Structure formats: structure tokens, C-alpha cells
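To start, the structure itself, in C-alpha cells.
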Amino acid sequence: MASTTKNKRVFDWEEASAMVKELRRTYDCGKTRSYEWRSSQVKALLKLAQEKEKEIVQALHADLSKSETEAFVQEVLILTLQIKMKMID
């Protein structure tokens, strides 16, 4: 299934396809319709962005050559602010 290179996880097409099928089943059963479920997912995304800030910034530098400041401001900070604003609505 997934291969690893220097302890980095890489998805192959079979694993990605299986993940898409699982997500479609979750959607089709109606689980994602409730406000509570969607709200919990948004909160989890905010927590993930905050906890993995350093890794996100490092990946943006490695993949797109963004500086630490640029990656933080343009990606992490904007994402977290947008999530917080939506949580207020």
C-alpha cells in the first residue's frame, strides 16, 4: 500500500482510491449533514493547523521554497483566522 521514503509517508493510487471510497460512504450515509459534525471537523482542522504549524511551514519551504514568514502568514495564519471567523458566525 503506502511506501515510505526516509520515514515520510507517500500515498499510492490504491490507498488514495480506498480513502476516497471511505469518505464517499461517510458522506452518503448522511453523517456529514449535522451542524455538530461539521463544527467538530472545523475545530479539528484548527487544532491540526495549530499543532502542526512547524511541519506545515517546513513542507511549504521544501515544496515551494516559501520562507518561514511567508509560509506562516500566507498559509497558516490566514487559515486559522478564517476558521476562527467562521466559528464566530
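The values are calculated or read from the model by the stated rules, or taken from the named source; none is laboratory data. Because the structure is a prediction, the values reported are computed rather than measured. When we count neighbours, we look across all protein chains shown, and the Cβ atoms used for this are built from the backbone with ideal geometry, even at glycine. To get the accessible areas, we keep the full protein, side chains included, count just its heavy atoms, and leave off ligands, DNA and RNA. Shrake-Rupley method; radii C 1.70, N 1.55, O 1.52, S 1.80 Å.
Sub-6 Å Cβ pairs linking a first residue in the stretch 66-89 that is within 16 Å of Lys47 (Cβ to Cβ) to a second residue that is open to solvent by less than 80 Å² (accessible area, probe 1.4 Å) and not hydrophobic (A, V, I, L, M, F, W, C), at least 6 apart or interchain, are Val76/Glu53, ordered by first then second residue. Checking each residue in the stretch 8-18 for being under 27 Å from Ile78 (Cβ atoms) and either surrounded by 10 or more Cβ atoms within 10 Å (Cβ to Cβ) or touching a residue at least 24 places away in the same chain (Cβ under 8 Å) (or both) picks out Phe11, Ala16. The residue list Ala44, Ala49, Ala59, Ala71 contains one member that is loosely packed, with under 11 Cβ neighbours inside 10 Å and not polar (S, T, N, Q), which is Ala44. Residues in the stretch 12-27 that are more than 16 Å from the chain's Cα centre (by Cα) and over 25 Å from Lys86 (Cβ atoms): Asp12, Trp13, Glu14, Glu15, Ser17, Ala18, Lys21, Glu22, Arg25.
Mind listing whichever residues of the stretch 19-39 are small (Gly, Ala, Ser) and open to solvent by 50 Å² or more (accessible area, probe 1.4 Å)? It would help to see each step written out before you state the result.
Narrowing the stretch 19-39 to residues small (Gly, Ala, Ser): 30, 34, 39.
None; the set is empty.
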